[in-house]
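FYI, it's all coordinate maths here, none of it is from the lab. Since the structure is predicted, the reported quantities are computational estimates derived from the model, not experimental observations. Cβ placement follows ideal geometry from the backbone for every residue including glycine, while neighbour counts extend to all protein chains displayed.
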Amino acid sequence: MKIRKLTLTAAALALSQYATAAGANGLTPVVENPAIALPTPASAAGPYVRGALGKARSEAQNAYWEPPGFPGDPRVHFNMDVDDASFVEAAIGYDFANGFRGDLAFSGFGEADFDGDWSHTNPTTPGPHADMSGSIKSRAMMLNGYFEPLAYMGRHESFQPFLTAGIGMARNEMSDWTRTNATSTPVSRTFEGDTNTGFAWSVGFGVSAELNTGGRPVFLEASYRYFDLGTASGSIRPCRAAARPALSRHWSSISAIT
């Protein structure tokens, strides 16, 4: 299954070294006009930390099952429905105070249930065929870049729109999953989950607002981001409780497909 997520997030960003930014930039305070000599919080370069909370809307593309008899048995494709999940992120980065900043972020996508009704088979065979259900959760480590067009033009406003993009790695964990087919015996069988690690990327946009005008600058961000977290898959190894009904394999916080 190909995993994609859209996130709506709110993040707090704080420059951690504003107090020493003037010295670090080689600027000498001028008593007659300190406003010229000292950079404003919005324009001070320095490292920062960032935390984010949000909601992830997930979708799965090209979801299919290759049964134990494959290729003698057909590959079964599914129309997958995935629940929304929570999103958390922590990052450390550097603001260059010229419209560009970057950070290294660790992201977590909460567990979410998925259910898929079979849609077609390859090669085409008459149905009905098995449906599937389970859960997925994802973790990612991303190197992100940000571009603030107003700051790039020298306009260090309290509100700064930005564009962002990132690349990194994602780890997708599928839980034990269940296939259900009313025409087979047993009707339900449960198989072991699996974990996949691979390339991930993201793009997005947002706006940041400066919350204070003195001391270390603190910003509040709101953003909309699209993540492609690669693929997730389960195994075809039956669980010992393979005859257990599908619903008994679901938990209230199960993870979902990206």
- [ ] First measure r as the distance between the Cβ atoms of residue 79 and residue 147, then evaluate 1/(1 + (r/R0)^6) with R0 = 45 Å and state the FRET efficiency to the nearest 0.05.
- [x] 0.75
TODO: Add +1 for every Lys or Arg and -1 for every Asp or Glu among the other residues with Cβ under 12 Å from the Cβ of residue 160, and state the total.
DONE: -3
